[in-house]
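Take this structure first; my questions come after.
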Amino acid sequence: MSRRGFVIGTAALALAGCQTTSAPKRKTVADLRQDPYYKAVYGPMPEEKFPIPAVNLNQIPDGKYLRQVVNYTGPEAGGTIVVDPSNRFLYLVRGDGTAMRYGVGVGRAGFGWNGDAVIQYKRQWPKWTPPAEMIARQPELEEFRYGMAPGIENPLGARALYLFQNGKDTLYRLHGTNEHWSIGKNVSSGCIRMLNQDVIDLYNRVPDGSRVVVRPASNPVEPLSV
């Protein structure tokens with residue numbers, strides 16, 4: 001190789017060595033909705049007792065409400081569920097500085113209680129019984145006074161986790177929903193609702209007796225729907 005070729009080649013290598021690699025582009029909401037991972041995670045579940053349809057990801061207002069592992073520096077031990085109604089997130093603390101975060105929808109009851117509780121029991125495809133005061137407001141629910149049969153349209157969805165405090169039912173539930181559009185929002189009724197695919201994932205990860213911390217809720221960011 002000639003001296004001129006060697007100098008040019010060396011300069012090119014030096015220049016290449018000084019170049020910086022740009023950080024990977026952060027995925028947008030549109031990117032996440034098209035991500036094969038999320039299409040699989042939120043795909044149909046035909047094996048369920050009542051087949052669950054795929055989530056319409058276009059109805060989820062922001063990619064932050066999709067299930068994902070995030071950094072978590074709170075004091076709770078691994079295995080604790082932390083509910084943040086104001087920001088519409090539910091965390092399952094992993095104990096290694098991270099948590100699995102799920103997006104949720106929050107009903108009026110979800111803003112009405114906070115504190116420490118435990119999961120007294122869990123149910124697959126639970127029956128739903130509306131409270132008497134709800135029936136008084138919505139007389140059309142009278143037919144369900146003694147319970148609504150399980151199914152895809154049942155307000156408790158595919159799974160429900162029942163929270164008790166000091167041995168007493170708080171009437172607070174973590175449950176599924178087929179109303180994809182309601183995730184990340186404040187809604188007119190219910191406690192803490194999750195996509196059916198997400199509540200099944202949570203149900204499978206936590207045993208009865210797990211600690212649940214429900215943070216106090218600030219005023220809703222947007223008005224509750226009527």
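With the condition kept exactly as written, say whether any residue in region 178-198 is closer than 24 Å to Arg94 by Cβ, of a type in the set (A, V, I, L, M) and surrounded by fewer than 21 Cβ atoms within 10 Å (Cβ to Cβ). Working first, answer last.
At the first step, the residues of region 178-198 found to be closer than 24 Å to Arg94 by Cβ are 183-184, 191-198.
Next, from what is left, pick out any that are of a type in the set (A, V, I, L, M): 183, 192, 194-195.
Checking the rest, the ones that are also surrounded by fewer than 21 Cβ atoms within 10 Å (Cβ to Cβ) come to none.
No.
Of everything in region 56-88 that's part of a loop (DSSP other than H, G, I, E, B) and among the aliphatic types (A, V, I, L, M), which residue is nearest to Val206 (Cα to Cα)? It would help to see each step written out before you state the result.
Of region 56-88, the ones part of a loop (DSSP other than H, G, I, E, B) are 56, 60-62, 66-67, 72-80, 85-88.
Okay, now just the ones that are also among the aliphatic types (A, V, I, L, M), so 60, 66, 77.
Details: Ile60: 25, Leu66: 19, Ala77: 13 Å.
So, considering only residues that are part of a loop (DSSP other than H, G, I, E, B) and among the aliphatic types (A, V, I, L, M), the one nearest to Val206 (Cα to Cα) is Ala77.
Tell me, please, whether a residue that is of a type outside the set (Phe, Trp, Tyr), surrounded by fewer than 16 Cβ atoms within 10 Å (Cβ to Cβ) and under 22 Å from His180 (Cβ atoms) can be found in region 124-135.
Yes, because at least one residue in region 124-135 is of a type outside the set (Phe, Trp, Tyr), surrounded by fewer than 16 Cβ atoms within 10 Å (Cβ to Cβ) and under 22 Å from His180 (Cβ atoms).
All but one of (1) within 15 Å of Phe111 (Cα to Cα); (2) touching a Leu at 6+ places or on another chain (Cβ under 8 Å) hold for Met194; which doesn't?
Failing condition for Met194: (1).
Just give me the residues in region 53-90 being in contact with a His (Cβ under 7 Å, 6 or more places away or on another chain) and either modelled with pLDDT of 95 or more or among the aromatic types (Phe, Trp, Tyr) (or both), in sequence order. Steps first, please.
First pass over region 53-90, keeping only residues in contact with a His (Cβ under 7 Å, 6 or more places away or on another chain): 55-56, 59-60.
Hit for region 53-90 is Val55, nothing else.
One residue is enough: does region 79-94 have a residue meeting the conditions buried (at least 16 other Cβ atoms within 10 Å of the Cβ), acidic (Asp, Glu), on the phi < 0 side of the Ramachandran plot and in contact (Cβ under 8 Å) with a residue 12 or more places away in the chain?
Looking for residues that are buried (at least 16 other Cβ atoms within 10 Å of the Cβ), acidic (Asp, Glu), on the phi < 0 side of the Ramachandran plot and in contact (Cβ under 8 Å) with a residue 12 or more places away in the chain, one finds at least one in region 79-94, hence yes.
Which one is nearest to Val213 (Cα to Cα) among residues in region 142-161 that are surrounded by fewer than 18 Cβ atoms within 10 Å (Cβ to Cβ) and among the aliphatic types (A, V, I, L, M)?
Ile152
The values are calculated or read from the model by the stated rules, or taken from the named source; none is laboratory data. Note that the coordinates shown come from a computational prediction; the quantities given were computed from them, not determined experimentally. Methodologically, a virtual Cβ is constructed for each residue, glycine included, from the backbone with ideal geometry; neighbour enumeration extends over all protein chains shown.
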